[in-house]
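The values are calculated or read from the model by the stated rules, or taken from the named source; none is laboratory data. Owing to the predicted nature of the structure, the values given are computational and were not obtained by experimental measurement. In this analysis, Cβ positions are derived from the backbone assuming ideal geometry, glycine residues included, and neighbour counts consider all displayed protein chains. For the accessible areas, the whole protein counts, side chains as well, though only heavy atoms, and no ligand, DNA or RNA atoms are used. Shrake-Rupley method; radii C 1.70, N 1.55, O 1.52, S 1.80 Å.
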Amino acid sequence: MPLSANDVIKIAHLARLGINQQDIESYTKDLSSMLDLMTQMSELNTDNVEPMAHPMDQMQRLRTDLITEHNNREEFMTIAPQVEAGFYLVPKVIE
Amino acid sequence: MEWETVIGLEIHAQLATQSKIFSGAPTAYGAEPNTQACAIDLGMPGVLPVLNEKAVHMAVTFGMAIEARIAPYSVFARKNYFYPDLPKGYQISQMELPIIGAGHLDINVDGITKRIGITRAHLEEDAGKSVHENFHGLTGIDLNRAGTPLLEIVSEPDMRSAKEAVAYMRKLHELVRYLGVCDGNMQEGSFRCDANVSIRPKGQTEFGTRAEIKNINSFKFVEKAINYEIERQIELLENGSKVIQETRLYDSVKDETRSMRSKEEANDYRYFPDPDLLPVSIDEDFKAQIKAKLPELPDTKKQRFKTAYNLDDETATILSSSRQLADYFETVVKLSGCEAKLCANWITGDLSAALNKAGLEITDSPVSDIRLAGLLARISDNTISGKIAKQVFEALWQSSSVADDIIAEKGLKQITDTGAIETIIDKIIAENVGQVEQYRSGKDKVFAFFVGQVMKEMQGKANPAEVNKMLKTKLQG
Amino acid sequence: MHTKTLTELAQGLRTGEFSSIELTQAFLKRIKQHNHLNAYITVTEELALQNAKDADLRLSNDKADLLTGIPIAQKDIFCTLNIKTSCGSKMLDNFIAPYNATVVEKLNQAGAVMLGKLNMDEFAMGSSNETSHFGAVKNPWNINMVPGGSSGGSAVAVSAGLAVCATGTDTGGSIRQPAALCGITGLKPTYGRVSRYGMIAYASSLDQGGPMARNAEDTAILLQAMAGFDEKDSTSVNIPVPNYCSGLNNSLDGLKIGLPKEFFGEGLNNDVAVILETAINEYRKLGAEIIEISMPTLKLAIPAYYVIAPAECSANLSRFDGVRYGYRCNNPIDLTDLYTRSRGEGFGKEVKRRILMGTYALSAGYYDAYYLKAQKIRRLISQDFKNSFTKVDVIMGPVTPTTAFGIGDKMDDPIEMYLSDIYTIAINLAGLPAMSIPAGFVDGMPVGIQIIGNYFAEDRLLNIAHQYQHVTDWHQHTPKGFE
């Protein structure tokens, strides 16, 4: 298999994604099969092919520098898990 | 062993736009927490970024000022990492194709000019702020700053001392303010610096392992932090240890740098082009428009001041150090019709001293350029003497009157009427026979006594040149 | 009333045959009656009745749009002001959006009556509607079968007569595949034609909202209201929206239909192939010329898609961190714990699988081999389509290799599930418009045919679909028990 359980644990940490101990094996298997599927891509020579990030060959439109959004804190905070004095709260951040 | 220091700086300059880089929320500093964070800044589900034209405009303006290559095609990328002040879990930045390519900036240290390479400058969004006090052991997140446009300016590792690094940073600070692309307010974090510092044995060409000192927010601290870091690294190497590549934080209270291990782990940012934004195209038209409005840059202005106004290097440097000061100077010269030197002396002398004392910037000067010009014009046309002018200046500072009114009101007009001066001179000569004798016997120094006496008698209002001329004639008998 | 088309209903509202209130009540009643299909996550009864009341007033003032007073439903991926928008996930089970998606705003403007929010695969990741936190949706043609996904709730609502029409989104086939498996008409527009603002992102460069309805004409009416430039979406395209209804009756004489041989090879169920052949014959009779073409890169669409879509989703879903909205785990001990548990508990297995895949594909050392390679293949696929459109007007083929499979059948084998997207995925990579229309039945289960057009050729696709529906009645079939 192209991936080990350890790889999966590392990726999961990078993605801050908690996965159950008992699921690690199945994720390892599934991701490995996906990677196997992707090896097909190497069949095709893509030298000198420009990568395509967007379906439309367009350029970014620019917005006029105007203030259009106004304070909506109270409404935004009604859907927040934990707030105090206008701040969002999280466990202590150690710098 | 002799060591050589190698320094490169990454400067984050907040662009002075009204609204954020990708949303229409305001960027003003100091608002109540989270009152300037809209759905886009908060990373709400489904919302999308649209690029602020002004931010692009400002980046290109800066690029032109450092004679950089402006990318005809640049791309925004997502820099992925989790941090509570980063609402989307990624920062929109630029990686492979930044908007501004290689340019340069000339600095002057101890009379020697040195060219510092600028590798690139790219647009990105700022993050919010974490507040650790007053939340009973928790951390509060304020996202007002999230989405504020930043221009990250990355230098080449061209600096060899803390002094050079500070000179570069000051020069850049002056430039961005000149261009009006950044307010340069370092207390508010509008202009921040990360320094990459390494050392190597003198003569060695390859670089040593570098440490990155994050978020230094004053010129003084940049100098101190770098010097501390140099000492630390020399000590490590001389003791046979190694410098570890890491991020360090400068503690200005303890005057030391320390490792920030918490931010070190898992430094895999997984950059990829942001699919919500399209490539930015800068065409010749856009560039031409900006070029047409590009202000005269500090170095060019300084040269012009030296040649056009015949100013010395130091005065020209001071007057060209900010656009507002330079404009003030040129307005005064133009309106007063005086010799530039006189204007320069007054601005760098009395006016600057008064501003310094009051803690004011030139833009807030109680004496406007028009009113100062009115005063200087009266010196120039001999209405008042330089000494009286200082009195008038005081009055200008205190009131909103113009010089002519103050002069008239206080009767400060200089006496150029030779008859009146002559009468006084005659009186003084008659009263001081002894001194006249001394003068005539060769004691030239006594001359000043006579000038003083005449001026005193005339309350300083006599034209000094006239007094000198007449006194000389009379004393010689 | 629920078997009538949108056009017929709009007519009825105008002649006063029934009011929007009556119509809305009838649909609300059906939704309750067929609750077991699990098509809706949220039913907004009160709001719907209010909308209907407003619509009746508007109708009486003669200021009505075709959609005014018509009961529709929104896929629960579109943010709706003050109404829960869950995206089929536990992560957003408590999320009340403080804004409307542009699509929602536009349909509100048109006076449509919103009945509620439709079930879907979690964050639109799935092809069977089984990954929804709110449970699987059942196919009205056979309740043991999946309806397809991710817009499964939308397809079922239309097919079972629980809404006149519905919105869907399509990232790799999520409109076309459920439309095919439920026997309705669905259209994935050109990328950039319909605003993505307020539509919760799965894979931003592939996602596109679109209409799902009982026939091509209804689809055209709904698309008319959804499409258009939106300055809030940088990827929205500023090209005028044509009148999608005016060309529906154009003749197909001389139409060049391309059939890529890669679409008809191994993997395609024989019975489905026969239905396709019959449909193509029908087009021949309508005056079309059939041309065989070849698109050799098509087979790489699946691997390229399953790199690009997860890569984009891995970043798009990072914002769900338990800080500002959405699910937060209980008593986090520190910041990492807050993140990993909120995300670990809030996301389902398929979503996690894709986040992991995408994170891996973008991570240091693998970016070039996976992400960049996939983007290059994307370019080649897109060029393959471009070349084909120099020879033909539209491309036709299957939507799915088989009819709907059984609920639970493929849940343990994600790869097999992914492979069922083979005919739809390439279109999203290229950003082209495509439709699925009903073309027959195998063992009582619907089969769809796919029509792929050039960029912004939605009007042509609708015309081609409408002409077919003029001479066939597959789109008029109704599942048993839902007549």
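Key figures for this structure:
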| read-out | value |
| --- | --- |
| Part-to-part distance (alpha-carbon centres) for the range A:4-63 and the range C:19-46, which is given in Å | 40 Å |
| Cβ-derived FRET efficiency at R0 30 Å, C:Glu46 paired with C:Asn330, nearest 0.05 | 0.40 |
| Accessible surface of the range B:61-100, 1.4 Å probe, proportion on carbon and sulfur as whole % | 54 percent |
| Full-stretch length increase - B:Asp417, B:Asn215 - with 0.36 nm per residue and alpha-carbon distance subtracted | 66.1 nm |
| Environment charge at A:His70 (Cβ cut-off 15 Å; Lys +1, Arg +1, Asp -1, Glu -1) | -3 |
| Within 10 Å of each Cβ in B:16-22, the average number of Cβ atoms from other chains | 3 |
| Cut-off 9 Å between beta-carbons: net charge of the residues surrounding B:Lys79, Lys and Arg +1, Asp and Glu -1 | +1 |
| Where C meets A: accessible area buried, both sides, 1.4 Å probe, Å² | 5300 Å² |
| Sum of -39500 (n - 2.57) over DSSP H runs of 4+, divided by residues of the protein assembly as shown (222 nm, nearest 500) | -11500 deg cm²/dmol |
| Proximal lysines relative to C:Lys386, as straight alpha-carbon distance under 16 Å, when same-chain residues fewer than 8 apart are discounted | C:Lys256, C:Lys376 |
| Where B meets C: accessible area buried, both sides, 1.4 Å probe, Å² | 2700 Å² |
| Average partner coverage of A:43-50, which counts Cβ from other chains inside 10 Å | 5 |
| Partners for A:Lys10 among aspartates and glutamates (Cα-Cα distance below 12 Å; same-chain residues under 8 apart left out) | B:Glu265, B:Asp268 |
| Surrounding net charge for B:Gln289, when Lys and Arg each add one and Asp and Glu each subtract one, Cβ distance under 14 Å | 0 |
| Of B:Val392, B:Pro279, A:Thr28, farthest towards positive along the dipole that unit charges on Lys, Arg, Asp, Glu beta carbons give the protein assembly as shown | B:Val392 |
| Mean separation of Cα contacts under 8 Å, 6 or more apart, over the residue count of chain C: relative contact order % | 18 percent |
| Computed magnitude of the charge dipole of the range C:189-290 (debye, nearest 20; Cβ of K, R +1, Cβ of D, E -1) | 160 debye |
| Charge dipole (the protein assembly as shown, unit charges on Cβ, about Cα centre) - positive-most of C:Leu6, C:Ala216, C:Asn94 | C:Asn94 |
| Cα coordinate range in chain C, projected on the principal axes (Å, largest first) | 64, 53, 44 |
| For residues of C:308-321, the mean tally of beta carbons on other chains within 10 Å | 6 |
| Distance violations [Cα-Cα > 31 Å] among C:Lys138/C:Lys232; B:Lys341/B:Lys427; C:Lys29/C:Lys84; A:Lys92/C:Lys352; B:Lys306/B:Lys445 | C:Lys138/C:Lys232; B:Lys341/B:Lys427; B:Lys306/B:Lys445 |
| Cα centroid separation - the range C:219-286 against the range B:120-169, whole Å | 51 Å |
| Of C:Ser60, B:Pro26, A:Ile19, farthest towards positive along the dipole that unit charges on Lys, Arg, Asp, Glu beta carbons give the protein assembly as shown | B:Pro26 |
| Among the listed pairs C:Lys188/C:Lys299; B:Lys88/C:Lys53; B:Lys54/B:Lys301, those beyond 31 Å (Cα-Cα) | B:Lys88/C:Lys53 |
| Cα-based reach from B:Lys254 at 17 Å (exclusive), listing aspartates and glutamates while leaving out same-chain residues under 8 positions away | A:Glu95, B:Glu223, B:Glu229, B:Glu231 |
| Solvent exposure of the range B:3-286 as accessible area per residue, Å², 1.4 Å probe | 37 Å² |
| For the range B:200-261 and the range C:424-483, distance of Cα centres in Å | 66 Å |
| Nonlocal amide H pairs with C:Ser89, under 5 Å, H built at 1.01 Å | C:Phe123, C:His133 |
| Shielded by partner chains, the range B:75-102 residues - at least 30 Å² of accessible area, 1.4 Å probe, vs chain alone | B:Arg78, B:Phe82, B:Tyr83, B:Pro84, B:Pro87, B:Lys88, B:Tyr90 |
| Sites B:Gln289 and B:Lys163 - FRET efficiency at Förster radius 30 Å, r taken between beta-carbons, to 0.05 | 0.20 |
| For the range B:296-410, Kirkwood radius (reciprocal of mean inverse C-alpha pair distance, Å) | 14.2 Å |
| Sparsely packed trypsin sites (Lys or Arg not before Pro) within the range B:6-97, loop by DSSP, other Cβ within 10 Å at most 13 | B:Arg69 |
| Magnitude of the charge dipole, chain B, Cβ model with Lys/Arg +1 and Asp/Glu -1, debye to 20 | 1060 debye |
| The protein assembly as shown, dipole about Cα centre (Lys/Arg Cβ +1, Asp/Glu Cβ -1), debye to the nearest 20 | 1440 debye |
| Of all accessible heavy-atom area on the range C:107-162, the percent that carbon and sulfur account for (1.4 Å) | 47 percent |
| For chain B, alpha-carbon Rg and Dmax in angstrom | 30.1, 99 |
| The range B:296-410 - accessible surface per residue (Å², probe 1.4 Å) | 50 Å² |
